[in-house]
Each structure stands twice: as C-alpha cells, then as structure tokens.
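Heads up, the thing below is written out as structure tokens.
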Amino acid sequence: MLTFRAKQQGPKVVILGGVHGDEPCGVEAIGYMGTILPSLLLQGEVAFEIGNPQALLLRKRFIDCNLNRLFRGDSTLTPKERASYEYTRAKVLKPLLASCDVLLDLHSVHEPNAPSFVICEPNGYDLASYLPASIVVSGFDKLHPLATDAYVNLCGGIGICLECGTHDEPSTLQRAIQGIYGILAALHMIDEQITPRTQQHLKATYIYKTRHNFMPVQSFAEFTSVTKGTLLGTDGNAPVLAPFDGLLMFVYQCEKAEQEAFVLAKHVPLR
C-alpha cells in the first residue's frame with residue numbers, strides 16, 4: 001500500500017486497482033498517480049492499494065475465487081472460500097476499506113469498445129458526476145452485497161466502482177487516471193477544475209445465476225436493450241429468457257452452476 005497525507009486534514013480516500021487480475025488499468029493508473037500526487041495533494045489522505053497481486057502476476061481474473069464477492073461475514077463463506085488466497089486478501093483489505101470516507105475501485109471488462117460507467121448507490125451520485133462516464137448504475141448493493149463498494153457503504157463510507165472500458169485499451173487507462181483526478185477534485189483534495197456532468201441513471205434489479213452453465217446466444221454489448229421474453233442464451237438445455245424489458249450488463253459465458261451470467265437493469269428518472 002502507498003499512502004500520501006497532506007498537512008491539512010481532510011477526507012480519507014482509498015483508490016483500489018487490480019481486484020481482478022485481468023484488469024490492469026487501475027494498477028497502471030495508481031502507478032502514474034503515485035508519482036505526481038505528492039505535489040498535488042492539498043488536504044486529507046489518499047491510500048493506493050492493489051487488490052489481488054498474485055492474480056495480476058498471472059494475468060488471471062482470480063487464483064481461487066472472485067475476490068469481489070468475499071467482503072462479507074465469515075459465517076456466510078463456504079469452506080472453499082475461507083481456504084482461498086482471495087480470502088487472505090479480503091482480510092487484509094477490510095480494515096482499510098472500513099476506515100475510509102470514499103473508495104474508488106477501478107475496473108475494466110473484456111468486451112471490445114466497452115463504454116465507461118459508474119456503479120454506486122445514491123449516496124455516491126454527487127461524486128460520480130465528476131467521473132468520466134455518462135451512465136451511473138445503482139442497485140448492486142442489494143443484488144450482491146459482497147463487493148468492495150458495498151462493504152464501504154455498509155461501514156458508513158461511500159463506495160464507488162468505475163468501469164473504465166476494455167482491458168488494455170489506451171483510453172481505458174486514461175479514464176482510470178481521469179477518475180482518480182475527478183474524485184480528488186470533487187473532494188477539494190487537489191486543485192483541479194472538473195465540471196460535473198449530467199448522467200443517465202439506471203438501477204440493476206435482476207441477476208441470473210446458472211443452474212448448470214450458460215451459453216449466450218450472441219455477444220451482447222453493455223447496456224443492450226432487450227424486451228421481456230427475448231432469448232438470451234441456454235442453461236443446460238433450457239432456454240433463458242429476459243424476465244422483463246431492460247438493459248443487459250455483464251453477460252458472460254459460464255461453465256458451472258451458481259455463476260453470475262448476466263445482470264438486467266432499468267432506467268430510473270434523472271435527478
């Protein structure tokens with residue numbers, strides 16, 4: 001962990017990258033910002049942390065299980081999860097996340113030409129408007145209250161995830177850097193003039209978990225609009241249909257039961 005403290009008191013912010021080992025943009029953005037932040041920081045404290053170092057070295061999403069589903073009580077974890085490398089990382093990260101005022105967790109996706117978007121609950125909407133994204137999605141704390149941002153919210157802070165775009169695209173790294181600038185500027189921790197933007201708000205309300213496996217019928221771009229009854233894929237031999245009109249997110253081919261195959265979101269009124 002790399003921590004910078006200004007002489008003047010202020011918010012404590014955690015910038016997290018590499019929660020998934022195949023998502024390098026956050027780690028690279030942290031490396032860049034770590035070289036310039038000491039001369040910029042006016043108040044407060046910024047801690048840069050890497051989520052899953054071993055997975056990053058191997059360029060794998062995770063070693064044993066998804067780190068971003070382990071931020072919950074031990075009694076709810078399976079024996080496999082408690083024996084995992086990622087469990088040891090979650091134990092290290094929890095005190096840091098519990099103590100911060102704001103978390104910015106930087107991610108990317110495998111889909112080509114993916115848009116950037118923000119995941120946060122309404123408590124983060126104001127800060128989200130300073131991030132380089134036109135879409136904000138809430139509702140994930142209820143769908144799976146197991147991730148870094150949900151854990152920070154539970155502990156009384158503001159948890160925000162910025163999906164920066166596609167793995168390894170130069171624009172994805174630039175958005176990650178812009179995201180760090182945006183959060184720190186919004187909190188008046190650096191002297192950077194960023195104009196908040198008007199954003200489209202969605203709410204994730206449904207997550208499909210596999211019974212056997214999942215094979216999508218096609219490659220779905222993020223936020224593809226579908227109507228109720230649209231064939232999305234197959235689970236074993238059974239068709240999987242959209243349960244209502246909505247916008248698809250995080251559609252993945254899955255090989256096992258109890259895996260997250262896709263999320264469906266709905267529009268919510270702009271503030």
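FYI, it's all coordinate maths here, none of it is from the lab. Keep in mind it's a predicted model, so treat the numbers as computed, not measured. So basically every Cβ, Gly included, is an ideal-geometry build from the backbone, and we count neighbours across all protein chains shown.
With helices defined as uninterrupted DSSP H runs, which ones in the chain have an alpha carbon span along their own long axis of at least 15 Å and mean Kyte-Doolittle hydropathy of at least 0.5?
25-36, 170-186
When only C-alpha pairs under 8 Å and at least 6 residues apart count, what is the relative contact order of region 116-172, in percent?
Computed value for region 116-172: 40 percent relative contact order.
State, as an integer percentage, the relative contact order of the chain based on alpha-carbon contacts under 8 Å between residues 6 or more apart.
Normalised by residue count, the contact order of the chain is 17 percent.
Which whole-number percentage describes the relative contact order of region 204-267, with Cα contacts under 8 Å and a sequence gap of 6 or more?
44
Quick check for me: using +1 on Lys/Arg Cβ and -1 on Asp/Glu Cβ, what's the dipole size of the chain about its Cα centre, in debye to the nearest 20?
480
Lys pairs in region 137-271, Cα-Cα under 22 Å, at least 8 apart or on separate chains: how many?
9
Classify region 1-50: rounded, prolate or oblate, from the alpha-carbon gyration tensor (a ≥ b ≥ c, eigenvalue square roots; a/c under 1.5 rounded; otherwise prolate if a/b is larger than b/c)?
prolate
List the chymotrypsin sites (Phe, Trp or Tyr not before Pro) in region 88-193 that DSSP assigns to loop (not H, G, I, E or B) and whose Cβ has at most 10 other Cβ atoms within 10 Å. Which are they?
Values: sites: Phe117, Tyr125, Tyr130, Phe140, Tyr151, Tyr181; in loops: Tyr130.
In loop regions of region 88-193 (DSSP not H, G, I, E or B), there are no sparsely surrounded chymotrypsin sites (Phe, Trp or Tyr not before Pro).
I'd like the distance separating the alpha-carbon centroids of region 11-27 and region 156-187, in whole Å.
9
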